[in-house]
Amino acid sequence: MVTKNGQVFQGCNIENASFGLTNCAERTAIFNAVSSGVKTFEMIGIYGETDEPISPCGACRQVLTEFCPDEMPVWLFSKTGDVKKTTVGELLPYHFKNLT
Ligand SMILES: O=c1ccn([C@H]2C[C@H](O)[C@@H](CO)O2)c(=O)[nH]1
Ligand SMILES: [Zn+2]
């Protein structure tokens, strides 16, 4: 995750024996930044050991929408170097927003 002021916060998949509690790399990176007091983001790159560019799960998409603007670039990478560029808003259209 690259912040507006040029910092880079990394994340990794943090697995748990109770699978649903696993924290994906994307959310780890966001929480890493937020827990360091940084909440303005420029772009995120997501890498997977996959044949196709990896795609974030629904939970990470929701968290991305809450901390990042819809137009923020999201770069998806595969193990072979293929790259796909998308945005937070494209990944989760019509997303839930806090209305209060
Ligand atoms: O089969 C899979 C698919 C995705 N991820 C994780 C790795 C990384 O945290 C995130 C990327 O979206 O998903 C896995 O661990 N296993
Ligand atoms: Zn995820």
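The values are calculated or read from the model by the stated rules, or taken from the named source; none is laboratory data. Small disclaimer: the values here were computed from a predicted structure and weren't measured. No Cβ is skipped: glycine too gets one built from the backbone with ideal geometry, and neighbour counts run over all protein chains shown.
One table, with the values for the structure above:
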| quantity | calculated |
| --- | --- |
| Unique residue being at pLDDT 95 or above and closer than 16 Å to Val63 by Cβ when the list is Ser35, Ser18 | Ser35 |
| Residue satisfying all of: in the range 55-64; buried (at least 19 other Cβ atoms within 10 Å of the Cβ) and either near ligand 1 (Cβ under 8 Å from one of its atoms) or modelled with pLDDT under 95 (or both); nearest to Thr80 (Cα to Cα) among these | Pro56 |
| Conditions (1) surrounded by fewer than 18 Cβ atoms within 10 Å (Cβ to Cβ); (2) touching a Leu at 6+ places or on another chain (Cβ under 9 Å): number failed by Val74 | (1) |
